[in-house]
Number of protein chains: 2
Amino acid sequence: MDTNDPTPLTINGDTHLFFIIGDPISQVGSPLLFNSLFQQHQIAAAMLPCHVLPTDLGVVIKGLRRQQNLGGIIVTVPHKTRVLRLIDSLTPEALATGAVNAIRRNPDGSLYGANFDGQACVRTFQQLGTDLRNQSVLIIGAGGAGRAVADACLREGASYLRLVEKRPSRAIRLVRELKARFPHAIIDVGDHSPGGFTRVVNCSPSGMTTADAMPIDIDQLDPGTAVVDLVLKPVNPPLLKAAQEMGCQTANGNTVLAAQVDLIADFFLIARG
Amino acid sequence: MDTNDPTPLTINGDTHLFFIIGDPISQVGSPLLFNSLFQQHQIAAAMLPCHVLPTDLGVVIKGLRRQQNLGGIIVTVPHKTRVLRLIDSLTPEALATGAVNAIRRNPDGSLYGANFDGQACVRTFQQLGTDLRNQSVLIIGAGGAGRAVADACLREGASYLRLVEKRPSRAIRLVRELKARFPHAIIDVGDHSPGGFTRVVNCSPSGMTTADAMPIDIDQLDPGTAVVDLVLKPVNPPLLKAAQEMGCQTANGNTVLAAQVDLIADFFLIARG
């Protein structure tokens, strides 16, 4: 064992518990990510996988909230939307997107829900040295992630936002919702040409398999455009490779995930040096 | 880190969860004991503390049983008796003692309760090379532990059992129950003289503080008598020290605890090399 490695995870009677709930559960990365953070900062806490079927969500949440040493819950597929009505209060982002990906247990046992899917993307742009204010953003995919990213970009002051989505009804519904909340921004649905856009975010699964088409028309990408791709595997998906070749700044799904871990750790009130 | 140390505990999406439920919780030793067993045998499981108030026991058990990756639950004070009516089936020992200290989750989500407090003591005597068949046993304390130890000794064929208990009504009630289940054994309530007894078990807290009186009349202890003391701290309580000086075989609370961990691991179907 390398001497620079943190102390291994020790669980005793004083350990605070955090869970990630999902179905399936074996693929989740949060236990490794958070437990290494807990170890690094010598925090008496552990992040555990909790396999919950959709029909059992209510009864499991009721039980978890009565565990006095529960610190919080991370929520993943398929519970992000349905968990909303089982908890007590929500951040503006969770309320706006209708989805929760992190729940904090307050000392009185009440549960406070948040959604950092969008803020993690914003923070990733900031880490690239760019921001969203008065920028034009092309978002591919209007599912849960696209919805959260669109909301966060507009909150950060993006002036123009275009959604690219295979299912037109889904895109139109989201545009309508966003226009109601952000009346001063230009928001539309369009094709996958990035010409004129200063920020591009791929929120679709496009790029996970080699057979996938490129999510944008890469020839029209400007070298000044910053590109974020939420795809986790491969680590450097085709979109980012092509963008890098054009001289664009890029960030991958793991960078967004790391930003998300940091935001959730703050939300969970985990003190770090 | 010593190279002989087992691999540190790693928690990922495939980890099975075990909990110890109690109130208070910080004192529990099960997480360290079981997690080192899991590490040693490279088992993808973790034992976690779960702080549950008496009023929340029902709702927490309902939630835990719906966690698909729950392996089992260890039950400690004050839930051992009240948890009985919240689960689906019981071992004969749990039924007889009216207390549960381990619950296994079957694949269908049903919960099966057991009590190893007594069997752990029996196994400890076996480890000393002694057994209980046709033996005369002096048990000090007729609370939860004394109750379980008395039941287990009689199951193992002890022919004579005497209870020593400050609260006579408690002792008389237990004697009546035991006589109904073990009609062929002689069972009575008496004073703390060990004369004529071949086995002595201290199930009372006597010996935890230096001000405590010796739980038995040590002068009448026979060198051939085997003595087990459930007290965990100090590691070598006054009773055991005195018994060792008389040449008796002895075992302390940690030995009984280790036997209990082994029995519960078997019950949880934890395969070990």
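The values are calculated or read from the model by the stated rules, or taken from the named source; none is laboratory data. Since this is a predicted model, take the numbers as computed values, not measurements. Note that we place each Cβ from the backbone using ideal geometry, even for glycine, and neighbour counts take in every protein chain shown.
Yes/no matrix, rows are residues, columns are (1) among the aliphatic types (A, V, I, L, M); (2) free of Cβ contacts under 8 Å to residues at least 24 places away in the same chain:
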position	(1), (2)
A:Ser36	no, no
A:His51	no, no
A:Thr55	no, yes
A:Val59	yes, yes
A:Thr76	no, no
Checklist (1) under 18 Å from B:Leu17 (Cβ atoms); (2) surrounded by fewer than 24 Cβ atoms within 10 Å (Cβ to Cβ) applied to A:Ala46, failing item: (2)
Regarding segment A:125-141, can at least one residue be identified that is at pLDDT below 95 and of a type in the set (Val, Ile, Thr)? no
Flag for A:Ala120 being part of a strand (DSSP E or B) and either without any contact (Cβ under 8 Å) to a residue 12 or more places away in the chain or within 16 Å of A:Asp266 (Cα to Cα) (or both): no
Helices (runs of 4 or more DSSP H) (entirely within segment B:1-109) containing at least 3 residues that are within 9 Å of chain A (Cβ to nearest Cβ): B:30-40, B:57-65
Of the conditions (1) in contact with a strand residue (DSSP E or B) (Cβ under 7 Å, 6 or more places away or on another chain); (2) without any contact (Cβ under 8 Å) to a residue 12 or more places away in the chain, B:Ser169 fails just one. Which one is it? (1)
Going by the conditions given, is B:Gly143 surrounded by fewer than 24 Cβ atoms within 10 Å (Cβ to Cβ), in contact (Cβ under 8 Å) with a residue 24 or more places away in the chain, within 23 Å of B:Ser30 (Cβ to Cβ) and within 19 Å of the chain's Cα centre (by Cα)? yes
Would a scan of segment B:92-99 turn up a residue that is of a type in the set (Val, Ile, Thr), farther than 29 Å from A:Phe34 by Cα and under 14 Å from the mean Cα position of the chain (by Cα)? yes
Residue match in segment A:29-49 (condition: within 21 Å of B:Asp56 (Cα to Cα), at pLDDT 95 or above and touching a Leu at 6+ places or on another chain (Cβ under 8 Å)): no
Of the residues in segment A:123-140, those that are under 16 Å from the mean Cα position of the chain (by Cα) and surrounded by fewer than 22 Cβ atoms within 10 Å (Cβ to Cβ) number 3
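To keep it simple, each residue is scored yes or no on (1) out of contact with any Phe, Trp or Tyr (no Cβ under 7 Å at 6 or more places or on another chain); (2) under 15 Å from A:Ala145 (Cβ atoms); (3) not polar (S, T, N, Q).
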site: A:Tyr160; (1), (2), (3): yes, no, yes
site: A:Pro168; (1), (2), (3): yes, no, yes
site: A:Val200; (1), (2), (3): yes, yes, yes
site: A:Asn236; (1), (2), (3): yes, no, no
Name the residue, out of A:Thr15, A:Thr81, that is at pLDDT 95 or above, within 20 Å of B:Ile11 (Cβ to Cβ) and of a type in the set (Ser, Thr, Tyr). A:Thr15
Identify all residues within segment A:123-144 that are among the charged types (D, E, K, R) and assigned to a loop (DSSP other than H, G, I, E, B); write none if there are none. A:Asp131, A:Arg133
With the condition kept exactly as written, say whether any residue in segment B:84-91 is among the small types (Gly, Ala, Ser), more than 20 Å from B:Gly13 (Cα to Cα) and without any contact (Cβ under 8 Å) to a residue 40 or more places away in the chain. yes
